[in-house]
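These notes concern the structure reproduced below.
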Amino acid sequence: MRFQQPFTYYAVMLSLFLVPLVSYKTYIGPLPLSAEVVTIPLLTIAAIIDYVQKRITLNDFNIKLIAAAFLLFFIIAVISLTQAVSLAPAVMELARYLSYVVLFLIVVKVRFTRKQYIDFAKVFGLSVLIIGVYGIVQYIFGISLNTAGLYALKEAKGRVDSTLVNPNYYASFLNFVIPTLVLLAVVYFKDKKAQLLMFALYGIYVINLVLTYTRAAWVAMIGGFVLMVLLIPKDFIKNAVRPHILLSFVVLLTVVYFMPDVQSRTYSALYAMEKILIRNLPGHIADADHSQGEDGGFFTQEPEEEEKVEDNATTSRAVVSRVTLWKTGWVMMKENPILGVGIGNYLVRYKDYVTKYPELYIGHDQYSVHNSYLKVGAETGFIGLAAFLIIYIIYYVYLLRLYFSAANRLSKVIVIGLIAGSATFMAQNLSNNLIFIPQLNTIFWLVSGLAIAFVYQNSEKTASMQE
């Protein structure tokens, strides 16, 4: 039996559908087994076979810059192994990194047809729909809700994580997809029914984002929305004021406003930002909790503000904990500025540093730094961090070039959605290690690669037709 499509096509379809949906992970000895661990090698093998058999061709998209950036960071990470006290996590970290690189380079270079890209969008859209609907069902019926952070929630049953394991990871996935969904609903589709159906999916995702109760993600969503509107102002504003779209926004905002704990959680998000940006500048960490003492501060408020005071105190403790984690990563990077402590070795060395600096201890022998950039810097030094950031700078250079050369409305929508979604992803990495979550990072590079290739090939085709 001869397959009508290249093996690579089927491997991409499988990846787009399964990786977001399947969070199951187990171990075969020391080796992890999960959806991405299966699909990335499968996609790589399929691409090699198809290329050798001439069942696929490559596009002309220039990957030299980003490939060089990928290679530079890999070399620095390998050199950092000389500082690692444990090679097992280091090797696993390098293997994961290489898998993302290979995945991205394959999907960004393979020349698929327009119909194949539409098939990819449909399959990923189906996966997105299932995830969003399941998230709401999960909350309604209380299915495996995450209870971390419930001390700050008075009305909510728990926090939704759907198929992404953790509410913070799920919130980042939602923010990555949301800008494209709202742009398709408001800017791209012209038929009223199609617009309302797409807006309903957008609404489902916004409600899911609220139900994660991840404050940083709420702030990131607003920032992504503003960026999106700035990049496509006329089309968005013109279509958004149509009665059915305007009414949809009003209904969605009303529903969100009256959801459990939204108002108090929003206030605490703003309060947390103020604490981080103003009160927790270097040198003030040790003083962060002093405002809760008997001689003044929060607890000298009027009686009717007691509930607000309690929320402030809870948020203050959470902020102090998070900032202390960031300070630990900074200290580790500052004391190992050239090569770091070795790729993948942050957790291994964490206890050494909180023992050496007791003020950094928050009750755990191992704890994530909750900041991807500090993790990279701590493990590979300032040079490694610079090389790592260059990857994403080049990534954004590609996106901006595509933005200015977008051939039509669909290309414009896709690249703006990717710019805004990626911006939220990068911003949320300031408070979480999302870049190091295999399921999430696989989705990021897979979708980014396909979107970049589609927009590039679309522009290339339009240019050739004009000649």
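The values are calculated or read from the model by the stated rules, or taken from the named source; none is laboratory data. Everything numeric in this text was worked out from a predicted model, so none of it was measured. Reconstructed Cβ throughout: ideal geometry from the backbone, glycine too, with neighbour counts over all protein chains shown. When the accessible area is computed, the model is the full protein with side chains, heavy atoms only, and any ligands, DNA or RNA have been set aside. Shrake-Rupley method; radii C 1.70, N 1.55, O 1.52, S 1.80 Å.
Taking 26 Å as the straight-line reach from the Cα of Lys356, the lysines in range (excluding those fewer than 8 positions away in the same chain) are Lys327, Lys334, Lys375.
Shown for the range 137-250: lysine pairs separated by 8 or more places, or found on different chains, whose C-alpha atoms are under 30 Å apart, numbering 6. From most to least packed by mean Cβ count within 10 Å, the peptides 343-352, 321-330, 387-396 give 343-352, 321-330, 387-396. Under 20 Å of direct C-alpha separation, and excluding same-chain neighbours fewer than eight residues apart, Lys54 reaches these lysines: Lys109, Lys115.
What trypsin sites (Lys or Arg not before Pro) does the range 1-69 have in DSSP loop regions with at most 16 other beta carbons within 10 Å?
Details: sites: Arg2, Lys25, Lys54, Arg55, Lys64; in loops: Arg2, Lys25, Lys54, Arg55.
When the trypsin sites (Lys or Arg not before Pro) of the range 1-69 are filtered for loop state and at most 16 Cβ neighbours within 10 Å, Arg2, Lys25, Lys54, Arg55 remain.
Give the peptides 213-222, 135-144 in descending order of average Cβ contacts within 10 Å, highest first.
Details: 213-222: 23.3, 135-144: 15.1.
Averaged packing, sorted descending, gives the order 213-222, 135-144.
What percentage of all Cα-Cα pairs in the range 159-270 are separated by more than 26 Å?
Values: 1084 of 6216 pairs.
Pairs farther apart than 26 Å: 17 percent.
Once you order the gyration tensor axes a ≥ b ≥ c over the Cα atoms, which shape class does the range 121-199 get: rounded for a/c under 1.5, otherwise prolate or oblate by comparing a/b with b/c? Verdict is prolate for the range 121-199.
Rolling a 1.4 Å probe over the protein heavy atoms gives the range 187-237 an accessible area of 44 Å² per residue.
What ratio of Cα Rg to 2.2 N^0.38 Å holds for the range 377-467? If you can, show how the numbers build up before the last one.
On the way: Rg = 15.3 Å, N = 91, 2.2 N^0.38 = 12.2 Å.
Relative to the rule-of-thumb radius for its length, the range 377-467 sits at 1.25.
Using the Karplus relation 6.51 cos²θ - 1.76 cosθ + 1.60 with θ = phi - 60°, the per-residue 3J(HN,Hα) values for the range 85-100 come to 8, 9, 7, 4, x, 5, 5, 5, 5, 5, 5, 4, 4, 4, 5, 5 Hz, with x marking Gly and Pro.
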